[in-house]
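> Quick one: the structure is below, and I'll ask about it shortly.
The values are calculated or read from the model by the stated rules, or taken from the named source; none is laboratory data. Keep in mind it's a predicted model, so treat the numbers as computed, not measured. Cβ: placed from backbone, ideal geometry, glycine included. Neighbour counts: every protein chain shown.
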Amino acid sequence: MTKHTTDSLEQTEKIATDFVSTLSPNQDRAVVVGLYGNLGAGKTTLTQLIAKSLGVVDTVTSPTFVIEKIYELTNQRFAHLIHIDAYRIEKSSELLHLGWSEIISDPNNLILIEWPERVEDIMPAHIRLNLSHVSENSREIEIIL
Ligand SMILES: Nc1ncnc2c1ncn2[C@@H]1O[C@H](COP(=O)(O)OP(=O)(O)O)[C@@H](O)[C@H]1O
Ligand SMILES: [Mg+2]
């Protein structure tokens, strides 16, 4: 377990970049990262900064209204970054209908999922990031591999 405190977006960007550099693909399944934390804790912001460090140039918006967004990566260890926001999901079956079983079994995928507790029953083994709001510009990020 590693705990980071950030007092600015620049520091959060550094944490995002360092985190990405520790990730390597599995043989037989996707790398799944669960982003835990209240509204405003910084889950979407951290995802945006992770995407940036993976060379994604199109803006990563909150997928709240689309649930899932897939970004193609170029010259990275993963071929796709998949961002899911489960906040509005009522039943895990909604995610299953989006091809969840297929995307989690593809080792080319890096999957970041906000509100994983909403679909707890279908979450595979994953890296856990616990985010919390400390003060206006300060956030705590705990990484549990
Ligand atoms: N140190 C920091 N790291 C990350 N985000 C921060 C930081 N300080 C302030 N923020 C702000 O906190 C907000 C977090 O919002 P967001 O990422 O949408 O949260 P969530 O997805 O968890 O609801 C953003 O407006 C972001 O700019
Ligand atoms: Mg969010």
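> If I go through the stretch 27-43 residue by residue, how many of them are surrounded by fewer than 19 Cβ atoms within 10 Å (Cβ to Cβ) and not in a strand (DSSP E or B)?
6
> Is it the case that some residue within the stretch 27-40 is of a type in the set (S, T, N, Q) and more than 22 Å from ALA86 (Cα to Cα)?
If we filter the stretch 27-40 for residues that are of a type in the set (S, T, N, Q), which is where we start, we get 27, 38.
Next, only the ones that are more than 22 Å from ALA86 (Cα to Cα) stay: 27.
Taking every residue of the stretch 27-40 in turn, at least one turns out to be of a type in the set (S, T, N, Q) and more than 22 Å from ALA86 (Cα to Cα).
> ALA16 passes all but one of (1) within 19 Å of VAL119 (Cα to Cα); (2) within 16 Å of ligand 2 (Cβ to nearest atom); (3) surrounded by 14 or more Cβ atoms within 10 Å (Cβ to Cβ); which number fails?
(1)
> Which is of a type outside the set (D, E, K, R), touching a Gly at 6+ places or on another chain (Cβ under 7 Å) and either loosely packed, with under 15 Cβ neighbours inside 10 Å or not in a loop (DSSP other than H, G, I, E, B) (or both), of THR59, THR74?
Working: THR59 fails: touching a Gly at 6+ places or on another chain (Cβ under 7 Å).
Just one listed residue meets the conditions, THR74.
> Can you work out which of the residues in the stretch 125-143 that are over 14 Å from ILE15 (Cβ atoms) and surrounded by 13 or more Cβ atoms within 10 Å (Cβ to Cβ) is nearest to ligand 1 (Cβ to nearest atom)?
For the stretch 125-143, the residue satisfying everything is HIS133.
> At pLDDT 95 or above and not hydroxyl-bearing (Ser, Thr, Tyr), is that true of HIS80?
Values: at pLDDT 95 or above: yes; not hydroxyl-bearing (Ser, Thr, Tyr): yes.
Criteria met by HIS80.
> Restricting attention to strands (runs of 3 or more DSSP E) lying wholly within the stretch 102-145, give those where 2 or more residues are more than 19 Å from ILE70 (Cβ to Cβ). So that I can check it myself, show each step before the final result.
Numbers: elements: 109-114, 127-135, 138-144.
Once the strands (runs of 3 or more DSSP E) in the stretch 102-145 are filtered for at least 2 residues that are more than 19 Å from ILE70 (Cβ to Cβ), what remains is 127-135, 138-144.
Yes/no per residue for (1) more than 16 Å from ligand 2 (Cβ to nearest atom); (2) at pLDDT 95 or above; (3) charged (D, E, K, R):
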| site | (1), (2), (3) |
| --- | --- |
| LEU23 | yes, yes, no |
| LEU39 | no, yes, no |
| ALA51 | no, yes, no |
| GLY55 | yes, yes, no |
| THR61 | no, no, no |
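> Cβ contacts < 7 Å: first residue in contact (Cβ under 8 Å) with a residue 40 or more places away in the chain, restricted to the stretch 24-46; second residue within 16 Å of ligand 2 (Cβ to nearest atom) and in a loop (DSSP other than H, G, I, E, B), any location; separation 6+ or different chain. Result?
Short answer, once both residue conditions are applied: LYS43/GLY37; THR44/SER62.
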